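*Asks:* Following this message is one structure expressed as structure tokens.
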Amino acid sequence: MFTGIIAEQGHVLSVERDGDASATVRLHAPGSTEGLALGGSIAVNGVCLTATEIDGKDFSVDVMGETLVRSTIGELAPGDFVNLERCVPAGGRLDGHVVQGHVDGVGVLLEREALGNWERLRFGVPANLARYIAEKGSIAIDGVSLTVTVVSAAAEQEHWFEVGLIPTTLSETGLGAKATGSRVNLEVDVLAKYTERLLGFRTATPAAVDGGTP
């Protein structure tokens, strides 16, 4: 589990693709490899990945096809900076919110506006994710835990939401350098997804739930 509090920005050293089936990404992380063991979990731009090789301050991760399709990891290139977070230890402080590192989809930065020393960012969101995003709710954008400030109306055809970034977030994460049109990984609140799933079973017919004959 993660909290959405970014420890540092690393950068991509190399990407080896096997078509759309898989990829191996090698990254440089000045601080995040300390104590990281083979098989350990680390979030890269919000995607929970497993360290498969560690060499000093460099480490490698294997990425399967599902992750390449569902996230922006497949778009990484050497030199790109990424947000990194180690998994939270048992008993650790939950400074952000519960983040699984299981990306739900990709959003697009539509607008950014400087307002004094902070910025307002608006992201377009796929229609299938919009229902999980609520005003004052939590969302992870490229692994960064943020509070949703405004959402589009449910009846709108183009769905979006907004967040505010304070100076620390702008300087310490990759969101500060994102240009309009940039794609980002989104993870919505897991509680919203489970609630919808439970309600779906509650309203289903007994035959559909139990597999029996009415």
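Just so it is clear, none of the values below were taken in a lab; they were calculated from the coordinates. Only a predicted model underlies this, so the values are computations on that prediction, with no experimental measurement involved. Because the Cβ atoms are built from the backbone with ideal geometry, glycine has one as well, and the counts that use them run over all protein chains shown.
*Asks:* Which of T180, T169, T203 moves most in a GNM of the chain, Cα contacts under 10 Å?
*Replies:* Maximum fluctuation in the GNM of the chain, among the listed residues, is at T203.
*Asks:* Quick one: putting +1 on the C-beta of Lys and Arg, -1 on the C-beta of Asp and Glu, what dipole do you get for the chain around its Cα centre, in Debye to the nearest 20?
*Replies:* Magnitude of the dipole: close to 460 debye.
*Asks:* Another question, then. Can you give the net charge of the other residues whose Cβ lies under 14 Å from the Cβ of L146, counting K and R as +1 and D and E as -1?
*Replies:* -4
*Asks:* Of the options H11, S32, L76, report the single residue whose Cα projects farthest towards the positive end of the charge dipole of segment 8-86 (beta-carbon charges: Lys, Arg +1; Asp, Glu -1).
*Replies:* S32
*Asks:* Could you compute the net charge surrounding F2? Neighbours are other residues with a C-beta less than 13 Å from the C-beta of F2; K and R count +1, D and E count -1.
*Replies:* -2
*Asks:* Based on the Kirkwood radius over alpha-carbon pairs, what value in µm²/s does the Stokes-Einstein equation return for the translational diffusion coefficient of the chain at 10 °C and 1.306 mPa s?
*Replies:* The estimated diffusion coefficient comes to 87 µm²/s.
*Asks:* Quick one: putting +1 on the C-beta of Lys and Arg, -1 on the C-beta of Asp and Glu, what dipole do you get for segment 105-199 around its Cα centre, in Debye to the nearest 20?
*Replies:* Magnitude of the dipole: close to 140 debye.
*Asks:* I'd like to know which of S145, L110, L199 lies farthest towards the positive end of the charge dipole of segment 105-199, counting +1 on Cβ of Lys and Arg and -1 on Cβ of Asp and Glu.
*Replies:* In segment 105-199, that residue is L199.
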